[in-house]
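We did not get these values from a lab; they are worked out from the coordinates using the rules stated. This structure is a prediction, so every number in the text was calculated from the model and none was measured.
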């Protein structure tokens, strides 16, 4: 099964009920069409979340700030998100200039999965 939405849809279509396959296809198409919007929304939300805590962090010594697991995992997740956005912009640039970078899309998917893991780790360690 592929890492993309189509692989998931084909797997569901073969193994599940037709209604579930239609529902799954509708959801996947919605997220595919709104992919850029959700990417920018997550970046803006994560950045606003970080700036909300900056005043509290300014009063603490740097070593104490870095020892807080929530802050460290948040910075890691935010850094991964910035890499994800940079890769997405690079892919968009390549598409506009009629270049194909299949490996770049694969790296984008892998970084997205690592970002999700970092985000979940950030939530758990709060």
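Things to note:
- Relative to the longest principal axis of the Cα atoms of the chain, the long axis of helix 18-33 lies at roughly 50 degrees.
- Helical contribution to [θ] at 222 nm, DSSP H n ≥ 4, -39,500 (n - 2.57), averaged over the chain, rounded to 500: -29000 deg cm²/dmol
- Calculated log10 I(q)/I(0) by the Debye sum over Cα atoms at q = 0.13, 0.23 Å⁻¹ (choose from (1) -0.44, -1.66; (2) -0.93, -1.22; (3) -0.70, -1.32), label: (3)
- Between helix 102-124 and the chain: long-axis angle, C-alpha atoms, 0 to 90°, nearest 10: 50 degrees
- For the chain, the longest principal axis of the Cα atoms and the long axis of helix 5-15 meet at an angle of about 50 degrees.
- Residue among 20, 66, 80 with the largest mean-square fluctuation in a Gaussian network model of the chain, springs linking Cα atoms under 10 Å: 20
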